[in-house]
1. Can you compute the modelled spin-label distance between LYS192 and ALA160, with each label point 7 Å from Cα toward Cβ, in nm?
2. Measuring from label point to label point, each 7 Å out along Cα→Cβ, what is the ASP104 to THR152 span in nm?
3. Across bins of 10 angstrom width beginning at 0, how are the C-alpha pair distances of segment 2-122 distributed, in whole percent?
Amino acid sequence: MIRVLLADDESLVRTGLRMILSSEPDLAVVGEAADGRQALQLLAELSPDVVLLDLRMPELDGLGVLRALPASGAPPVVVLTTFDTDANVQEALVSGAAGFLLKDAPAAQLVTAIRAAAAGDAVLSPAVARRVVQRLSAHPAVPEHRLLEELTERERQVLALLAEGCSNGEIAHQLYIVEGTVKTHVARILMKLGVRDRLQAVVAAQRLGIVRPGTG
């Protein structure tokens with residue numbers, strides 16, 4: 001059972017999320033927070049597996065919650081945001097968010113994202129992946145040759161597919177390798193690029209010139 005904590009200041013949003021998640025046999029909402037300080041309190045008390053976090057909340061906003069989380073041992077956090085109007089997405093990723101969803105995302109996408117986050121395999125749809133790269137790329141891509149040289153050809157291929165929003169299974173299918181090998185490649189990519197998660201690797205892919213904003 002994947003235990004989920006909801007943190008959003010809008011009660012109607014929390015009600016809708018709870019109804020969606022409660023219909024899934026492997027998901028359970030274990031707590032609801034209406035502001036950031038309450039979210040941190042419930043995180044400590046309930047130890048959820050995944051947190052769905054709104055960025056804009058009273059008392060302490062979502063970015064404040066992310067910054068307050070320990071560097072290790074914290075559950076994956078999926079940010080819920082209105083992407084087109086929220087310029088804080090970049091800081092959310094830098095602050096350690098494992099992923100994010102648009103608030104108008106289909107229920108199936110929400111459920112898939114929670115399961116992926118719990119498994120350590122945050123998945124972005126191709127459309128969202130493109131928009132993440134576009135928003136995070138304030139400057140044209142400038143390849144960092146030292147980092148590029150550290151990546152093998154296969155690792156570059158895996159990174160390019162990550163930037164397209166592919167899951168481990170989809171990458172394995174496209175490259176004709178087993179999923180366990182993909183996980184190994186992803187772990188090595190994160191280590192070589194000095195990033196913490198797949199989303200930061202997507203940003204690095206653009207900055208290294210492996211993908212271009214608006215492609216993928």
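1. 1.4
2. The answer from the label model is 4.4 nm.
3. 14, 53, 31, 1
Read-outs throughout are calculated quantities, based only on the coordinates presented, and are distinct from any laboratory measurement. Note that the structure is predicted; figures quoted are calculated from it, not measured. Every residue, glycine as well, gets a Cβ built from its backbone with ideal geometry; the counts of neighbours run over all protein chains shown.
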